[in-house]
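The values are calculated or read from the model by the stated rules, or taken from the named source; none is laboratory data. Just so it is clear, the structure is predicted and the values come from calculations on it, not from any experiment. Cβ placement follows ideal geometry from the backbone for every residue including glycine, while neighbour counts extend to all protein chains displayed. Just the protein is used for accessible areas: all its heavy atoms, side chains included, with ligands, DNA and RNA removed. Shrake-Rupley method; radii C 1.70, N 1.55, O 1.52, S 1.80 Å.
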Amino acid sequence: MSQSLATLESALAAVDHDRTIDLATQCCSIPSPPGEEAALAEFIADVLDRKGIDVHIEDVVAGRPNVVARVPGADTAPPLVLNGHMDATIYPVGWSGDPFRPWRDGNRLYGAGITDMQGALAAMVAAVEAAPDAGTLPGDLILHAVMHHDTIGLGAKFLMVSEGPNSGYGICGEPSDMAIHTANGGAIKWQIRLRGSGGHISRMESGVDALAAAHDVYAAVSRIEYEHEPCDRLPDLPRSLVGIVKGGVAPGAIAEEAFIEGDIRTVPGMTRDGVLRQVRDAARAACDDRIELRVRSTAVQQQFLGATEGPLIDALSAAHEAALGAAPRITNELPTQAFVTDAADMVAGGLESVVYGVGAWHYAPDEWVDVDQLVGSARSYLGTAIGLGARS
C-alpha cells in the first residue's frame, strides 16, 4: 500500500472502471430481500478483507448482519461514512431477463435492485476497496452496509448508537440520479383493522360486513387533509397513499374482518399520535357503530434535513465534477423528497450528511444505471474523503 498522501487524482485513478461494474453485477446477482441480507453481507466482507481495511460483520438480529469496513486515515480530517442498505425489494414481474443475472445493453447495466440500491452500494464497496491504493486519506473512510433499511432504518440506527462515529460527515447512497440531495420527508405507516360479524350468504341479514365498511373507510381516510406546518425544505409534503385494502375468506361469506394500510410522508412537527388520531377519527365517522376498529402504526421514520452548504457539499461537488466532468445539481425536489432514507439517522447520530447515489429509482421492472455514472459515483465517494481534508 502506498504511504503517500492521497490526492483527488490518485483517487480517480485507484477506482477501476471494470472492477466497479463487476462489483455491481455481483451484488445484483445475490438475492437480498428483507430478512435475507446475510449472503450479500458475507460477499461484501470478503471483498473488503484486505490489507489497509479493517472489516467486521455483526448480526443485528439473528441472521441479519451489518458490515462495517474502515480505511484508517491520518486523523487530520473528520471521518466520512458511506451508508448503503443491503435489503433490496424488486418489482416482481415484467422483466426483460432474469433480474439476478444482470446484463449490459450499451451503457446501461440492468439488474435486481440496482437503483435501490445495489448500484450505489457496489460503488461504495469499490471506493473503499480502492482507498488503500490511493494513498493515505486525511480522515477515516467508513462503509456502513446495513440490514433492514425498510422505512425504519434499523441497521443504520443500530450502528449509529453502537459504534458511530458520532461526528464527521456522511453520504447516504439512495438513488438521487447523481444529484446532491439535501432533504426528504419522514414516514408514518398505519393499519386499520375492521371487525364485524360473519355469516353465510343465506343468512346475510344477520352479519356485519367488515369489507363493506372498509370500502367507506378507504374513501374517508383517502380524503384526510393532515394537520401540519408547511416546511420550506419539503414543499411537496405531506403526501399520503392508501395502498392496501383486503378482507374476506370466501365469495359467499360475509367478511368478518378487513384491513386497510396506508403511508404518509411527513414534514417536521407531524407526530405518530397526531396522524393516528386523524386516521381514527375519519375511520370512525365513516363506518357503522357495530364495526370494531383498531388503528395502529406499523413503521415510523423521521425526516432528513441535511447540509445545504459547507465542507461536505464543497468536497462532494468538486469530486463529482472531477469524476464526471460537470458540477452536480444540489436539490431537494421530488421524487427523492418523498423517499425515506437512512440519512435521517446519520444526522440524528451527529453526522453532517447528504444523499447522493446512482440511478433514478421508481419501483419498476428493468431497473438500470448508467455505467459511467456508476463508476463516477465510486470515484466521487473516494474523492470526497480526500477533499474533506482540504476543507475541514
Given the options V340, V347, name the one that is outside any helix (DSSP H, G or I), closer than 22 Å to I152 by Cβ, open to solvent by 10 Å² or more (accessible area, probe 1.4 Å) and in contact with a Ser or Thr (Cβ under 9 Å, 6 or more places away or on another chain). V340
Reported set for segment 94-121 where residues are over 17 Å from the mean Cα position of the chain (by Cα) and assigned to a loop (DSSP other than H, G, I, E, B) is G94, W95, S96, G97, D98, P99, F100, R101, P102, G106, N107, G111
Using beta carbons and a limit of 8 Å, which pairs, at least six apart or on different chains, have the first residue in segment 294-312 and open to solvent by 40 Å² or more (accessible area, probe 1.4 Å) and the second one in a helix (DSSP H, G or I) and β-branched (V, I, T)? L305/V347
For E257, only one of the following conditions fails: (1) open to solvent by 50 Å² or more (accessible area, probe 1.4 Å); (2) out of contact with any Gly (no Cβ under 7 Å at 6 or more places or on another chain). What is its number? (2)
Count of residues meeting criterion [in contact with a Ser or Thr (Cβ under 9 Å, 6 or more places away or on another chain) and among the basic types (K, R)] in segment 196-223: 0
Within segment 172-203, restricting attention to residues that are of a type in the set (D, E, K, R) and part of a strand (DSSP E or B), which residue is most open to solvent (accessible area, probe 1.4 Å)? R195
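Please determine whether any residue of segment 147-165 is crowded, with 24+ Cβ neighbours inside 10 Å, touching a residue at least 60 places away in the same chain (Cβ under 8 Å) and β-branched (V, I, T).
There is no residue in segment 147-165 that is crowded, with 24+ Cβ neighbours inside 10 Å, touching a residue at least 60 places away in the same chain (Cβ under 8 Å) and β-branched (V, I, T).
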Note on segment 204-226: residues part of a loop (DSSP other than H, G, I, E, B) and surrounded by fewer than 16 Cβ atoms within 10 Å (Cβ to Cβ) are R223, E225
If we ask which residues in segment 37-78 are among the hydrophobic types (A, V, I, L, M, F, W, C) and under 23 Å from F100 (Cβ atoms), their number turns out to be 11
Residues within segment 4-58 that are surrounded by 16 or more Cβ atoms within 10 Å (Cβ to Cβ), charged (D, E, K, R) and in contact with a Pro (Cβ under 9 Å, 6 or more places away or on another chain), tallied: 1
Flag if A127 is of a type in the set (G, A, S), under 20 Å from M346 (Cα atoms), surrounded by 24 or more Cβ atoms within 10 Å (Cβ to Cβ) and at pLDDT 95 or above: yes
Name the pairs: first residue in segment 358-387 and open to solvent by 10 Å² or more (accessible area, probe 1.4 Å), second residue among the acidic types (D, E) and not in a loop (DSSP other than H, G, I, E, B), Cβ to Cβ under 7 Å, at least 6 apart or on different chains? W361/D116
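Name the single residue, out of those in segment 69-93 being in a loop (DSSP other than H, G, I, E, B) and of a type in the set (S, T, N, Q), that is least open to solvent (accessible area, probe 1.4 Å).
So in segment 69-93, the residues in a loop (DSSP other than H, G, I, E, B) come out as 72-79, 86-93.
Then drop every residue that is not of a type in the set (S, T, N, Q), which leaves 76, 89.
Details: T76: 100, T89: 73 Å².
Of everything passing the filter in segment 69-93, T89 is least open to solvent (accessible area, probe 1.4 Å).
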